[in-house]
Structure formats: structure tokens, C-alpha cells
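Take a look at the structure set out below.
Read-outs throughout are calculated quantities, based only on the coordinates presented, and are distinct from any laboratory measurement. Since the structure is predicted, the reported quantities are computational estimates derived from the model, not experimental observations. Quick reminder, even Gly has a Cβ in these numbers, built from the backbone with ideal geometry, and neighbours come from all protein chains shown.
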Amino acid sequence: MITYVKYRNRLVLINSIKQRQIFMASMGKRGKIPKEVQAIFDKYAQSNVKRLSRQHAIEMLQQEFGMTQQEAMVMFETFDKDKNEIMSIWEFQQFYETVGADAADVVAKFHELDKDNSLKLDGDEARAGLESMVTGTGRKLDEKEIQFFLMTACDDTGAIDLGMFSNLLYRLKLYKAEPPKKGQKTHIIGDETD
Ligand SMILES: [Ca+2]
């Protein structure tokens, strides 16, 4: 898909859905906030401001999404994208879209895979998880794809926390590519939203 978007009197070429999303995000125009997202947010925001302090955001994640304080803290760290200790309505929407109604399942799956209860999935735990999961089309992942997702989902130490795990599950759900062909040397896996 190729489209042009008019921005500051210039036409900008957008040749994929992902680029379009990145572009829109960079412009700060991320569309309308869904009503249910706004409603939950407003319950915890003071005097109608579009931001939640760290404390209120963590409280909200516990009350509305059934997380423990520790889980809520990790989740907050992940979704406070600009690291300003505030959850903006945009950051909350991102959380809601990525985890939202599936929060209980995501947390349960994470603990099931976290065999040593370290609150992080190490390489082996993450690999076992990926081997058991399916893509957006319901198929198992190929070895190359497992390696790709392992590599792109973990932090510098090779571990995956609950927030990163949420993002990984979301990416898998959106991932609808064909499996790589046998003997194929290169396979583009990254752009799963196209
Ligand atoms: Ca923030």
C-alpha cells in the first residue's frame, strides 16, 4: 500500500501501514481515544487532566486489570514510553490495545513460563514459551522465527519481563506471515503489520 499524506504543505510518501502508524504517532495525531479507554482513565485521573501519576496509574492497573503491585509496576515501566513517570492517555491507550481485556491471561501465561519465579523469562523460559505459542494465523513458529522473536523481545541481558512479554504476545497476534521456506537464506520477519 502506498499513500501520500499531506504534512506542513509537503507530501510525504507512506508505503506501509507501519510507516503510517509511526508517522501519525510522530505528529501526535493518534486518532480518537475510544470511550471505554477514556472512562477507565478518568476514574483515576485528577481533575480531568489527560495524565496519571505513577501512583495512580499503578493503582488503576491493580484495580481494573487485576495485577499485583509488582506486576503493575513492571507494566507501568514498559508503557511509560517517554519515561516521565506519568501515564498519558496515549500511553494508556497503547497499554489497553496491547494488553487490555487479556491482562489476566497475559499475566497467567507469564507466570506459567517463569519456572523459577524470578519475574523475568530467561532465554530458555522464553524459548519454551515461543515454541508453545501460535501466530495470528494459528500456526506454530518456525525455528528462524523463534530466534527472531527471542532476539527482538529481550533486554540487554537476554531476559523478558512482564511488560516486554505483553508486547511480544501482541506482536505474535498481529503476525500473519507465511512460514519461511526451507533452505531460504533470508526471510523478512520484522514488518508483521504489513
Ligand atoms: Ca509517560
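A few remarks follow.
- Cut-off 10 Å between beta-carbons: net charge of the residues surrounding Phe65, Lys and Arg +1, Asp and Glu -1: -3
- Net charge contributed by nearby residues that have their C-beta within less than 12 Å of Lys83 (K/R +1, D/E -1): -3
- Seen from Asp122, the other residues with C-beta closer than 10 Å to its C-beta sum to a net charge of -1, counting Lys and Arg as +1 and Asp and Glu as -1.
- Each residue in His111, His56 was given a count of other beta-carbon atoms within 10 angstrom of its own, and listing them fewest first yields His111, His56.
- In order along segment 66-81, the Karplus-derived 3J(HN,Hα) couplings, from 6.51 cos²θ - 1.76 cosθ + 1.60 at θ = phi - 60°, round to x, 8, 6, 4, 4, 5, 4, 5, 5, 4, 4, 4, 5, 8, 7, 4 Hz, and Gly and Pro are given as x.
- Couplings for segment 112-127, taken from phi via the Karplus curve 6.51 cos²θ - 1.76 cosθ + 1.60 with θ = phi - 60°, read 4, 7, 7, 4, 9, 6, 8, 6, 9, 9, 7, x, 5, 5, 5, 4 Hz in order; Gly and Pro are left as x.
- Fraction of the pair-distance distribution of segment 73-194 above 23 Å, Cα-Cα pairs, percent: 33
- Per-residue ³J(HN,Hα) for segment 32-44, Karplus 6.51 cos²θ - 1.76 cosθ + 1.60, θ = phi - 60°, Hz, x for Gly and Pro: 7, 7, x, 4, 5, 5, 4, 5, 5, 4, 5, 4, 10
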